[in-house]
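A.B. asks: Encoded as structure tokens, here's the structure I'll be asking about.
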Amino acid sequence: MARRAVVSAIDLIHRRGFLNRWSQHQSGILSPLFSLFSSEAFQPKRSRIDFSCVKEVDDVIELFQKIKSMRQEPSVRLYNKLMSVSVTIEQYYIALDVFDEMLRMGVSVDIYTMSIAVNCCCLLKDIYSAFSIMGFFLKRGHEPNVVTFGTLIKGLFLVNKEAEAVKLFEKILDLKLCEPDGIMILHVIDGLCKTGQVIEAHDWLHRLESSGWSLDVYTYSALIDGFCKGGMVDNAFKVLSKMVGNGILPDVVTYSSIINAYCKEEKMEEAENMLEIMMQQHICPNVFTYSSLIEGLCLKGEIGRAKQLLDSIVERGLKPNIVNYNTLLNGYCKKGSMDEAWLIFLEIPDKGLQHDVHTYNTLLDGLSKSGKVDEALQLLSEMVEKGISPNVVTCSILIDGYCSHGEMVRARELFYSMAETGINHNIFTYCILIKGYCKAGNLDEAWRFFDEISRVGLKHSTVSYTTMMHGLIRLSSFSDGWKLFQEMEAHNIHPDPHTYTILLDGFCRIHRISEALAFLRVMEAKGVNPNIVTYGVLINGLCKGQRLDEAIRLFNHLRSNGLNPNVQIYNMMLDSLYNEGREGEARRLMEEMERSSCTPNGVTFNIIVWNLVKSRKVHEAIPFLEEMCRREFVVNSDIIYALHDELRIGEGKDEKLQEIVKKVCAQN
DNA sequence: AGGGAGTCGG
């Protein structure tokens, strides 16, 4: 690296024509005048060099020239400063070029030069050169200090050499090479947390605490964040109270970490409580805090509140960014509220923000998922017109859109045309196409693309195997799917809850329910936790297999596993209870459903209404039908026929019934 | 004069 940088500043200057311009100045007719202005007589004793104007490489080169041509021998400080502004504008190679040139010119470099140069190498992930530079300085009698060592520790973490980083830190402590300071300790604690070694980080913190080293809010916050990210919020709180006990007060970052963790788990009440607590301490939330809250609300489907929150950020004088809007847009799209999604999309430019490729991808996904392929294609051309290049995600969305409408010819065309536009396929695009072909009933093509994955040098994933396995079970046979499952395990590709759920469903569909139940234990033994869908599949199997009581037992067991039954599960149970004539239990289940704040959907209403109509309690069904109309739920045709029959029998005397039937028919 | 750190996001 550093040697590559031997392209010295001089070469660069030649290439960029600066030297030429400079010599023209010197030899031009204006040169006497120029030299007058640039002479020291007109400059203060300490040369005025404005480093704040450095924005790009050319500025660095210009300043380098300026420093070099100063009458008075420029001090090493000026060159150091030039290196550090180069770092500020992320031009690490240029900074090292300056460094090389300093050495070439015989500038007497110092320990500051060393730290900056070492930092450059670290940021370029060239840890070898970082140590070489330190060695070089050592030979010249410059001892590395806490800054140099801290930078090296950071560098080691940056290149995933955690063990070496810790070893270096231990060595520094053991041999007392320097006194560790807050920044160095932070690098160690944060580095360990970010590599998933939170417990180790905690042990270190404890050790450093008892040795009396200074720990600050940064370090504690890093550890708290580590625990939060590792799903150990309890431990995070322990650290929080410990830091307060040590007289270090949490700040906005500390709280934001915890709030973020709650939001990720969709525990919005807790998140908002934390917000409350921090505001009581007069700590103002910032954009990070709000980003987490917006995301959490969107995850919970509370988009309206998310929108309110986003608007309130502006009122507070904070500036939300495009990602915040994209999050909200995604929330609306996932909910299928495309009108609101469009409004947000159109609002973005008014807020002084610009649509980016993610904005377009999000809206495209929403449109194609809600069947508005034409609108999606129009948006795509608008995107291209605006100069935003579609990426592999854009293509995936469109291919998926075609697949879900069974338009496999177009899906395939797009798949092949991607390469021409320089967009490479990844495992995701393959999975989408495989799923599409399975859905379209074309196993041969699905297999063809499945086999192509490894041929084109891509790595199979859990999803690729699971998708193909699902297709086989549905279109071919359970045993073919089972074979692929075994192949998957043999290739050491780990099945996930999704994989197991499909297999369990397969067992149920071929009426091998007991094996499904046994397989649930296998899954758990392998450390894969069944989720609510997994249980749903089993409950469905038991219901359909006339084993309703076992289904009820499994259902009652859910909450003790920390799982909340979803609306599909309630629907299955309700349907089975009605079919078995266990009306009372069905009613009780409905009450429980309401208590658990599980929102009934169209299917729920159809089940209820159908069973009321069937048992000739049409009048009890009317309020449900009204609610269905209000919520624009589709009413089953069987129900509509039965209602017409009812009207005929009653010879149209029942006005209330007539009215609702008219309304239902108009809507369906 | 140097490392200047910890929270967010598709």
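A.B. asks: What number of residues within segment A:342-360 satisfy the criterion of being within 14 Å of DNA strand B (Cβ to nearest atom) and closer than 16 Å to A:GLU375 by Cβ?
C.D. replies: Of the residues in that region, 5 qualify.
A.B. asks: Being within 13 Å of DNA strand B (Cβ to nearest atom) and free of Cβ contacts under 8 Å to residues at least 24 places away in the same chain is the filter here, so list the residues in segment A:206-223 that pass it.
C.D. replies: Scanning segment A:206-223 gives no hits.
A.B. asks: Are any residues in segment A:427-454 surrounded by 14 or more Cβ atoms within 10 Å (Cβ to Cβ) and of a type in the set (S, T, N, Q), and if so, which ones?
C.D. replies: A:THR429, A:ASN442
A.B. asks: Ok, one more. Across segment A:64-100, which residue is farthest from A:PHE136 (Cα to Cα) among those that are buried (at least 22 other Cβ atoms within 10 Å of the Cβ) and away from DNA strand B (no atom under 12 Å from the Cβ)?
C.D. replies: A:PHE64
A.B. asks: Would you point out the residue of segment A:224-239, among those that are more than 11 Å from DNA strand B (Cβ to nearest atom) and small (Gly, Ala, Ser), that is farthest from A:ASP181 (Cα to Cα)?
C.D. replies: For segment A:224-239, the residue satisfying everything is A:GLY231.
A.B. asks: Any chance you could count how many residues in segment A:591-649 are hydroxyl-bearing (Ser, Thr, Tyr) and open to solvent by 70 Å² or more (accessible area, probe 1.4 Å)?
C.D. replies: 3
A.B. asks: Quick one: count up the residues across segment A:240-267 that are within 12 Å of DNA strand B (Cβ to nearest atom) and assigned to a helix (DSSP H, G or I).
C.D. replies: 15
A.B. asks: Which residue out of A:GLY301, A:GLY352 is without any contact (Cβ under 8 Å) to a residue 24 or more places away in the chain and assigned to a loop (DSSP other than H, G, I, E, B)?
C.D. replies: On inspection, the qualifying residue turns out to be A:GLY352.
A.B. asks: Moving on to the next point. Restricting attention to segment A:138-150, and to residues there that are closer than 12 Å to A:ASP110 by Cα and more than 10 Å from DNA strand B (Cβ to nearest atom), which single residue is most open to solvent (accessible area, probe 1.4 Å)?
C.D. replies: A:ARG140
A.B. asks: Can you tell me which condition A:ARG316 does not meet? The list is (1) open to solvent by less than 30 Å² (accessible area, probe 1.4 Å); (2) more than 18 Å from A:ILE397 (Cβ to Cβ); (3) more than 10 Å from DNA strand B (Cβ to nearest atom); (4) not hydrophobic (A, V, I, L, M, F, W, C), and all the others hold.
C.D. replies: The one condition A:ARG316 does not meet is (1).
The values are calculated or read from the model by the stated rules, or taken from the named source; none is laboratory data. Fair warning: this is a prediction, and the values are worked out from it, not measured in the lab. In this analysis, Cβ positions are derived from the backbone assuming ideal geometry, glycine residues included, and neighbour counts consider all displayed protein chains. In case anyone asks, the SASA skips ligands and DNA or RNA and just uses the protein heavy atoms, side chains included. Shrake-Rupley method; radii C 1.70, N 1.55, O 1.52, S 1.80 Å.
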